[in-house]
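The values are calculated or read from the model by the stated rules, or taken from the named source; none is laboratory data. All figures in this text were calculated on a predicted structure; none of them were measured in a lab. All Cβ positions, glycine included, derive from the backbone under ideal geometry; neighbour counts span all protein chains shown. Only protein heavy atoms, including side chains, enter the accessible area calculation; ligands, DNA and RNA are left aside. Shrake-Rupley method; radii C 1.70, N 1.55, O 1.52, S 1.80 Å.
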Amino acid sequence: MSRSYKHFPVVKDQTGPDKRYAKRLASKAVRRYQKGISVGAMYRKLFCSWDINDFRFYQTLAAAIREWETSQVPRVRAKSKKQIQNEWAKHYYRK
């Protein structure tokens, strides 16, 4: 098992036709750029990466626990605090 972990707890939209379409638009923008790309990282200025990953979810562990404590949903309340921490780590902490 790897010892690495996410340094910033974020979950992004990873799949779907919208992401494929956005990547296609980004590739078109880079290929059709007339002046040429002199520096390797210059392509980032041609198309915003936020347009590719348009859904971005961020939740801290404290917020997840607070949401569990104040939730009125029986299915959520049936879980233990340890299960809530494990689910948060699964989605936001571990790679």
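Note on Arg66 and Val30: the extension gain reaches 8.5 nm, defined as 0.36 nm multiplied by sequence separation minus the Cα-Cα distance. Placing pseudo-labels 7 Å out from each Cα toward the beta carbon at Asp18 and Lys45 gives an inter-label distance of 2.9 nm. Counted residue by residue at 0.36 nm each, then reduced by the alpha carbon distance between them, the extension gain from Lys82 to Tyr58 reaches 6.7 nm. With a cut-off of 12 Å between beta carbons, the residues surrounding Ala64 carry a summed charge of +1, where Lys and Arg count +1 and Asp and Glu -1.
Beyond 27 Å between alpha-carbons counts as too far, so tell me which of Lys45/Lys90; Lys6/Lys35; Lys6/Lys28; Lys6/Lys79 fall in that bin. Distance filter (> 27 Å) returns Lys45/Lys90; Lys6/Lys35; Lys6/Lys28. Heavy-atom accessible area with a 1.4 Å probe sorts Lys82, Lys35, Lys28, largest first, into Lys35, Lys82, Lys28.
Rolling a 1.4 Å probe over the protein chains gives Glu69 an accessible area of about 100 Å².
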